[in-house]
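Participant: The structure's right below; bear with me while I get my questions together.
The values are calculated or read from the model by the stated rules, or taken from the named source; none is laboratory data. Keep in mind it's a predicted model, so treat the numbers as computed, not measured. Because the Cβ atoms are built from the backbone with ideal geometry, glycine has one as well, and the counts that use them run over all protein chains shown.
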Amino acid sequence: MDIEQFRKAGYAAIDHICDYYANLDKRPVSSSVKPGYLAPLLPTAAPEEGEDFAAIAADYGRVIEQGLTHWQHPSFFAYFPTAASFEGILGDLYATAAPNPGFNWSCSPACTELEGVVMDWAAQLLGLDTAFHNAAGVGGGALQTTASESALIATVAARERFLALPTQSPSKLEELVLYVTTQTHSLGLKAGRVLGLQVRALEVRAEDKYALRGAALRQALEEDAAAGRRPFMLIATVGTTSSGAVDNLPEIQAVLKDHPEVWLHVDAAWAGIALCCPETRDALFLDAINAAADSFCTNFHKWGLVNFDASTLWVRDRKSLTDALDITPPFLRTAHGDAGTVVDYRNWHLALGRRFRSLKLWFVLRGFGAAGFRAHIRQGIALNATFGALLAASDILTLVTPPALALTVFRLAPPDRDLDLAALNTLNASFFARLAVRPDLAITQTVLNGVFCVRFAIGAARTTEAHVRAAFDVITEEARTALALWESAV
């Protein structure tokens, strides 16, 4: 493909993408294909000779799109949103056109320096303390792939810092303990498995809104110290996946004052984006994050309008990170790196090379502005309040835990039926099974301390109140059908 052929194909691709989004709400949310659908529609080997790009693009529309789940659909309420904006798409396009591996400043100075700038822009937008800013020269931030990678990187840094502390006698790795809670995302358990570390999940209670409290943390620290184990890190959560719970960071901060050896990583993969709105900051414990967190992560590629992948990780002390990850063979050494006058981001993540992700974030923050970004977040919170009000008026559906920003967790619980937990769980599993096969909305399930629940997460940029109300009507219809079928069976 030469330049003019690329120009023509590029125009056609943009037209196709525009048509896709213009008609997205007319599509089913989820794909109806069966496992193994794709291979019979494609040749068994790559073509010997190159094909015309128009034919390739046509096959994308013919065979690939039918297998997509449309996460940007206005009736997608499953998991958490994955961001998509035209600004982000264009940023990705420009980044792909300059596919520099970005492992040090010399690879392309703009790749490194723009990342430092936009990470500081993002930190300011979220209200993070200047200790986390790259410009301060002590802490700083870098873009990662996902919150799971961010947690793994933070765990490596925490482990190495702990092992290097002069107050710690020589420790065996099997003595080290990583704390999570029973509501922490699987990223905590995965980090422990990858690094061969013990992971202890601290219990959280429904009466505490599934948040970790200081007393539970202190008890665990005392128990492990008595048993000869060495807790070195806690992954606290601002906005858990199942319920949107926010661990009690002020209480955690008070406990960890007596345990400065314990690294506090705050995983705010979904909810942390809402810190851009000043009115949410007290509820999300921004002051405690700024005072006590050693690292903080949130994903702009969830609720934050930046196309996947764009996970932002900040650390209070960049040296803890780079000391743990810096391996510089002679062929990677540069004059600027040796002089310490530049940042080499290869030492801030696991891989050597890295994509030019900062372009996406730069395009989005400039295209929307801070005010437009906050308006997007506030819209999601307002739409969730609408859904919560509809639930409150329902005679058949009820909240399981208070709504969290743009997430609501609920279940079918008819008030005039005296059902035990096992019966309610069975009823709700059948209710969710009916929702799960519907093509006109996407929704997910969870279990909170043994209670089967349904999750409703808002965040797609094109979702309106009409979509939320239509989804509630569908949910109510299926709830009544599930209840009638269950009663006829028992």
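This table checks each residue for (1) under 30 Å from LEU126 (Cα atoms); (2) surrounded by 15 or more Cβ atoms within 10 Å (Cβ to Cβ); (3) basic (Lys, Arg).
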site	(1), (2), (3)
ALA457	yes, yes, no
ALA460	yes, yes, no
THR464	yes, no, no
VAL490	no, no, no
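Participant: Can you name every one of the helices (runs of 4 or more DSSP H) wholly within region 44-154 that holds 1 or more residues which are over 30 Å from HIS16 (Cβ atoms)? If you could, list the steps in order and put the result at the bottom.
Facilitator: Values: elements: 53-59, 86-97, 109-126.
So the answer is 109-126.
Participant: Could you check region 226-271 and list, in sequence order, the residues that are of a type in the set (Phe, Trp, Tyr) and either within 18 Å of ALA283 (Cβ to Cβ) or under 14 Å from the mean Cα position of the chain (by Cα) (or both)? Even if it seems obvious, please write down each step before you answer.
Facilitator: In the first step, residues of region 226-271 are kept if they are of a type in the set (Phe, Trp, Tyr); the result is 232, 263, 270.
TRP270, the sole residue that qualifies.
Participant: Next question, about the same structure. List the number of the failed condition for PHE162; all other conditions in (1) in contact with an Asp or Glu (Cβ under 7 Å, 6 or more places away or on another chain); (2) modelled with pLDDT of 95 or more hold.
Facilitator: Result: PHE162 fails condition (2) only.
Participant: Right, another one. How many residues are part of a helix (DSSP H, G or I) and either of a type outside the set (A, V, I, L, M) or in contact (Cβ under 8 Å) with a residue 12 or more places away in the chain (or both) when one looks only at region 392-414? It would help to see each step written out before you state the result.
Facilitator: We begin by selecting, within region 392-414, every residue part of a helix (DSSP H, G or I); these are 392.
Add one more test, that the residue is either of a type outside the set (A, V, I, L, M) or in contact (Cβ under 8 Å) with a residue 12 or more places away in the chain (or both), and what stays is none.
Of the residues in region 392-414, 0 are part of a helix (DSSP H, G or I) and either of a type outside the set (A, V, I, L, M) or in contact (Cβ under 8 Å) with a residue 12 or more places away in the chain (or both).
Participant: Out of everything in region 466-488 that is surrounded by fewer than 17 Cβ atoms within 10 Å (Cβ to Cβ) and among the polar types (S, T, N, Q), what residue ends up being nearest to the chain's Cα centre (by Cα)?
Facilitator: Ranking the candidates gives THR481 first.
Participant: Check THR130 against each of (1) of a type in the set (Val, Ile, Thr); (2) surrounded by 17 or more Cβ atoms within 10 Å (Cβ to Cβ); (3) touching a helix residue (DSSP H, G or I) at 6+ places or on another chain (Cβ under 7 Å) and name the one condition it does not meet.
Facilitator: Every listed condition holds for THR130 apart from (2).
Participant: How many residues does region 159-216 contain that are part of a loop (DSSP other than H, G, I, E, B), under 23 Å from ALA268 (Cα atoms) and among the hydroxyl-bearing types (Ser, Thr, Tyr)?
Facilitator: Restricting attention to region 159-216, the residues satisfying the condition of being part of a loop (DSSP other than H, G, I, E, B) are 165-172, 182-186, 196-197, 203-205, 209-213.
Cutting the leftovers down to under 23 Å from ALA268 (Cα atoms) gives us 182-186, 197, 203-205, 209-213.
With the extra rule that they be among the hydroxyl-bearing types (Ser, Thr, Tyr), the set shrinks to 182, 184, 186, 210.
Total meeting the criteria: 4.
Participant: Let me ask something additional. Out of everything in region 153-172 that is surrounded by 21 or more Cβ atoms within 10 Å (Cβ to Cβ) and not basic (Lys, Arg), what residue ends up being nearest to GLY272 (Cα to Cα)?
Facilitator: My answer is ALA154.
Participant: Does region 349-367 hold any residues that are over 13 Å from GLY88 (Cα atoms) and hydrophobic (A, V, I, L, M, F, W, C), and which are they?
Facilitator: Of all residues in region 349-367, those over 13 Å from GLY88 (Cα atoms) come to 349-355.
Residues satisfying the conditions are LEU350, ALA351, LEU352.
Participant: Mind checking which pairs have a first residue in region 207-222 that is assigned by TED's automatic domain parsing to the domain that holds SER243 and at pLDDT 95 or above and a second that is of a type in the set (Asp, Glu) and assigned to a helix (DSSP H, G or I), Cβ under 6 Å, 6 or more apart or different chains?
Facilitator: ARG213/GLU251; GLY214/GLU251
Participant: With respect to PHE296, is the statement that it is under 21 Å from PHE373 (Cα atoms), of a type in the set (Phe, Trp, Tyr) and surrounded by 24 or more Cβ atoms within 10 Å (Cβ to Cβ) true?
Facilitator: Yes: the conditions hold for PHE296.
Participant: Tell me whether region 69-90 contains one or more residues that are farther than 22 Å from GLN379 by Cα, among the aliphatic types (A, V, I, L, M) and at pLDDT below 95.
Facilitator: no
Participant: Scan region 437-444 and give yes if some residue there is in contact with a helix residue (DSSP H, G or I) (Cβ under 6 Å, 6 or more places away or on another chain) and either in a loop (DSSP other than H, G, I, E, B) or surrounded by fewer than 22 Cβ atoms within 10 Å (Cβ to Cβ) (or both), otherwise no. Working first, answer last.
Facilitator: Let us first name the residues in region 437-444 that are in contact with a helix residue (DSSP H, G or I) (Cβ under 6 Å, 6 or more places away or on another chain), namely 441, 443.
Add one more test, that the residue is either in a loop (DSSP other than H, G, I, E, B) or surrounded by fewer than 22 Cβ atoms within 10 Å (Cβ to Cβ) (or both), and what stays is 441, 443.
Yes; the residues of region 437-444 include at least one that is in contact with a helix residue (DSSP H, G or I) (Cβ under 6 Å, 6 or more places away or on another chain) and either in a loop (DSSP other than H, G, I, E, B) or surrounded by fewer than 22 Cβ atoms within 10 Å (Cβ to Cβ) (or both).
Participant: So which residues in region 19-31 are free of Cβ contacts under 8 Å to residues at least 60 places away in the same chain and either out of contact with any helix residue (DSSP H, G or I) (no Cβ under 9 Å at 6 or more places or on another chain) or at positive phi (or both), if there are any at all?
Facilitator: ASP19, ALA22, ASN23, LYS26
Participant: Same structure, new question: Which is part of a helix (DSSP H, G or I), farther than 27 Å from GLY88 by Cβ and not assigned by TED's automatic domain parsing to the domain that holds GLU115, of ALA389, ALA370, ALA375, ALA385? Show your work before the answer.
Facilitator: Details: ALA370 fails: farther than 27 Å from GLY88 by Cβ; ALA375 fails: farther than 27 Å from GLY88 by Cβ; ALA385 fails: farther than 27 Å from GLY88 by Cβ.
Result of the check over ALA389, ALA370, ALA375, ALA385: ALA389.
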